[in-house]
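Everything below concerns the one structure shown next.
Bear in mind these aren't lab numbers, they're just calculated from the coordinates by the rules spelled out. Since this is a predicted model, take the numbers as computed values, not measurements. Virtual Cβ from ideal backbone geometry, glycine too; neighbours counted across all protein chains shown.
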């Protein structure tokens, strides 16, 4: 048996549904598939305007800070690890371990948001790049801002789940609720993996 | 420990990506390496952290429908707007016809 499926309850299959997949998980995967298309369009828009930057567009390389973005990427990867550990813990009925993992995930999520606020503030006040004064600013802030909003929603959801775990109603049987939330959080991470390469790293080549 | 090993691998790949952008090689090669590395990270997260490896295949199919549609849309848009005919007119080129009209 796999590491993730080591508990007594089979968390990956549900014989009571026609698909054999828990309905909440199916709903989340369908939502994530649609969100892929949403982010795909935002990333394409940014890349198209980078292909043919209009006259007067500032150089992205002179604006971006690769050190800060790399740190943010590392933090988000670690938050994904903690989320995976939280799901693993609740599937084994280890509520205490799940709480600590959730708390760490929230902490990393907040650090990521803090880095993004610092980056936006730096771009606007130091580099004079705003959402209205250039195409680069418009596409960049729209894309990374939308991703940041997803992270914020994730942090609120995680915090709600952490508080809910203290009511005593969250047990191994409700692990699917934590797993669905985990799917959302990991999705935020994979979107950032694409943004980090397509928006940031490609500018340095 | 299994998930920790995956996370360490992802961190190492991120480090490799960072090193790659500073290597003095041809642009197409560096872009290919970056795309491959980020795809590997993406796949590790969805198949291990998101448990697709252990879930029913339908979850993978459902997600990949969205992913393929998104990838196809991105590819089509980049091809369309990457063509020479799609290059935006510069300010001078936009103003030129107006100046000609005034002279006539």
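Some points to look at:
- Sorted by Cβ neighbour density within 10 Å, fewest at the top, the residues B:86, A:159: B:86, A:159
- Chain A: most fluctuating residue of A:26, A:143, A:77 per GNM, C-alpha cutoff 10 Å: A:26
- Judged by the gyration tensor of its Cα atoms, with axes a ≥ b ≥ c, region A:17-130 is oblate; a/c meets the 1.5 cut and b/c is at least as large as a/b.
- Remark: the residue A:23-residue A:130 segment gains 34.3 nm on full extension, using 0.36 nm per residue and subtracting the alpha carbon distance.
- Between the helical axis of A:135-165 and the longest alpha-carbon principal axis of chain A there is an angle of about 20 degrees.
- Over the C-alpha atoms of the protein assembly as shown, the Rg to Rh ratio, Rh being the Kirkwood estimate, stands at 1.04.
- Sorting B:54, A:185, A:192 by the number of Cβ atoms found within 10 Å of their own Cβ, with the fewest placed first, yields B:54, A:192, A:185.
- Applying D = kT/(6 pi eta Rh) to region A:154-195, where Rh is the Kirkwood radius over alpha-carbon pairs, T corresponds to 10 °C and eta to 1.306 mPa s, the Stokes-Einstein value obtained is 142 µm²/s.
- With Cα atoms, 0 to 90° folded angle of helix A:66-91 axis to chain A main axis: 10 degrees
- Annotation: the residues A:189, A:35, sorted from fewest to most other C-beta atoms within 10 Å of their own C-beta, follow the order A:35, A:189.
- For residue A:66 and residue A:166, the difference between the fully extended length at 0.36 nm per residue and the C-alpha to C-alpha distance is 32.0 nm.
- Relative to the longest principal axis of the Cα atoms of chain A, the long axis of helix A:175-195 makes an angle of roughly 20 degrees.
- Region A:120-180: equivalent-ellipsoid semi-axes (sqrt of 5 x gyration tensor eigenvalues, Cα, Å): 39, 11, 6
- Hull volume in cubic angstrom per residue (convex hull over the Cα atoms of region A:31-93): 96 Å³
- Rg to Rh, two decimals, where region B:1-55 supplies the alpha carbon set and Rh follows Kirkwood: 1.08
- The alpha-carbon positions of region A:60-205 define a convex hull whose volume is 94 Å³ per residue.
- Value of Rg to Rh for region A:89-130 (Rh from inverse mean 1/r over Cα pairs, i.e. Kirkwood): 1.38
- 10 Å Cβ neighbours from other chains, averaged over peptide A:63-70: 1
- Fluctuation leader among A:132, A:45, A:16 - chain A, Gaussian network, Cα springs under 10 angstrom: A:16
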